[in-house]
1. Might you let me know whether the stretch 130-138 holds any residue that is crowded, with 18+ Cβ neighbours inside 10 Å and closer than 22 Å to residue 70 by Cα?
2. Can you tell which of 11, 25 is surrounded by fewer than 17 Cβ atoms within 10 Å (Cβ to Cβ), under 21 Å from the mean Cα position of the chain (by Cα), assigned to a helix (DSSP H, G or I) and not assigned by TED's automatic domain parsing to the domain that holds residue 166?
3. Of the residues that make up the stretch 80-89, is at least one buried (at least 20 other Cβ atoms within 10 Å of the Cβ) and either on the phi > 0 side of the Ramachandran plot or in a loop (DSSP other than H, G, I, E, B) (or both)?
4. Tell me which residues, restricted to the stretch 119-129, are over 12 Å from the mean Cα position of the chain (by Cα) and either surrounded by 20 or more Cβ atoms within 10 Å (Cβ to Cβ) or in a strand (DSSP E or B) (or both).
5. Against the condition free of Cβ contacts under 8 Å to residues at least 60 places away in the same chain, closer than 30 Å to residue 20 by Cα and within 15 Å of the chain's Cα centre (by Cα), how does residue 72 come out, does it pass?
6. With the condition kept exactly as written, say whether any residue in the stretch 30-42 is more than 11 Å from residue 78 (Cα to Cα), over 16 Å from the mean Cα position of the chain (by Cα) and touching a residue at least 40 places away in the same chain (Cβ under 8 Å).
7. Take the conditions surrounded by fewer than 17 Cβ atoms within 10 Å (Cβ to Cβ) and modelled with pLDDT of 95 or more and apply them to residue 152. Does it pass?
């Protein structure tokens with residue numbers, strides 16, 4: 001089976017005090033695991049059994065299998081979320097990502113304001129995203145399990161989980177406080193910058209004949 005629960009890319013306590021090991025025990029070890037376990041069970045014995053997660057998400061969306069889509073997309077979003085985090089003390093955006101954040105938002109402070117406004121204002125569960133679409137960086141949010149990979153022309157760069165299980169143990173219902181901690185201490189800017197560099201490289205590739 002090609003699908004499994006990916007390990008966290010850091011130690012469970014590496015994000016403290018801004019995200020506790022206890023939160024990660026529940027968030028990764030229970031919530032994320034449950035999405036993966038359901039997806040594995042649902043595709044067993046089907047043509048999707050040995051497909052990668054991207055294919056499962058897109059196929060379930062196209063076929064209208066809402067339950068499989070919700071679980072597989074949540075598994076994909078969580079994998080991306082862990083890659084959007086880094087232990088405290090890392091540098092802010094640099095290189096081309098920093099340049100484009102200046103170009104499209106006016107700077108890192110303006111980006112953070114826009115991202116927090118979108119995330120805090122998002123009603124109920126979902127995900128806040130920094131995406132690349134239409135030749136520019138943009139901030140958006142999607143409800144529930146919805147994910148950029150099923151939207152044509154949308155490339156995810158960075159995400160924050162807005163489901164309460166992402167922050168309730170540490171911040172209770174104070175989503176704004178969680179977003180402050182995320183933006184100030186938890187964003188994995190190096191990985192986001194490398195991801196954005198790859199996007200720009202793909203855009204310069206000549207079309208295949």
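The values are calculated or read from the model by the stated rules, or taken from the named source; none is laboratory data. What you see is a predicted model, and the numbers here were worked out from it, not measured in a lab. Neighbour counts run over all protein chains shown; Cβ positions are idealised from the backbone, glycine included.
1. Applying the first criterion (crowded, with 18+ Cβ neighbours inside 10 Å) to the stretch 130-138 yields 130-132, 137.
Of the ones still in play, those that are also closer than 22 Å to residue 70 by Cα are 130-131.
Yes; the residues of the stretch 130-138 include at least one that is crowded, with 18+ Cβ neighbours inside 10 Å and closer than 22 Å to residue 70 by Cα.
2. Details: 11 fails: assigned to a helix (DSSP H, G or I).
Answer to the selection: 25.
3. The answer is yes; a qualifying residue exists.
4. Taking the stretch 119-129 and keeping what is over 12 Å from the mean Cα position of the chain (by Cα), we get 119-125.
Matches in the stretch 119-129: 119 only.
5. On the way: free of Cβ contacts under 8 Å to residues at least 60 places away in the same chain: yes; closer than 30 Å to residue 20 by Cα: yes; within 15 Å of the chain's Cα centre (by Cα): yes.
Against the criterion (free of Cβ contacts under 8 Å to residues at least 60 places away in the same chain, closer than 30 Å to residue 20 by Cα and within 15 Å of the chain's Cα centre (by Cα)), residue 72 qualifies.
6. Of all residues in the stretch 30-42, those more than 11 Å from residue 78 (Cα to Cα) come to 30, 34, 37-42.
So of that shortlist, the ones also over 16 Å from the mean Cα position of the chain (by Cα) come out as 30, 34, 37-42.
With touching a residue at least 40 places away in the same chain (Cβ under 8 Å) added as a condition, the list becomes none.
The answer is no, given that none of the residues of the stretch 30-42 is more than 11 Å from residue 78 (Cα to Cα), over 16 Å from the mean Cα position of the chain (by Cα) and touching a residue at least 40 places away in the same chain (Cβ under 8 Å).
7. Numbers: surrounded by fewer than 17 Cβ atoms within 10 Å (Cβ to Cβ): yes; modelled with pLDDT of 95 or more: yes.
Criteria met by residue 152.
For every residue, the table says whether it meets (1) in the same structural domain as residue 147 (by TED's automatic domain parsing); (2) part of a helix (DSSP H, G or I); (3) buried (at least 17 other Cβ atoms within 10 Å of the Cβ).
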position: 16; (1), (2), (3): no, no, no
position: 29; (1), (2), (3): no, yes, no
position: 59; (1), (2), (3): no, yes, yes
position: 69; (1), (2), (3): no, yes, yes
position: 77; (1), (2), (3): no, yes, yes
position: 99; (1), (2), (3): yes, yes, no
position: 102; (1), (2), (3): yes, yes, no
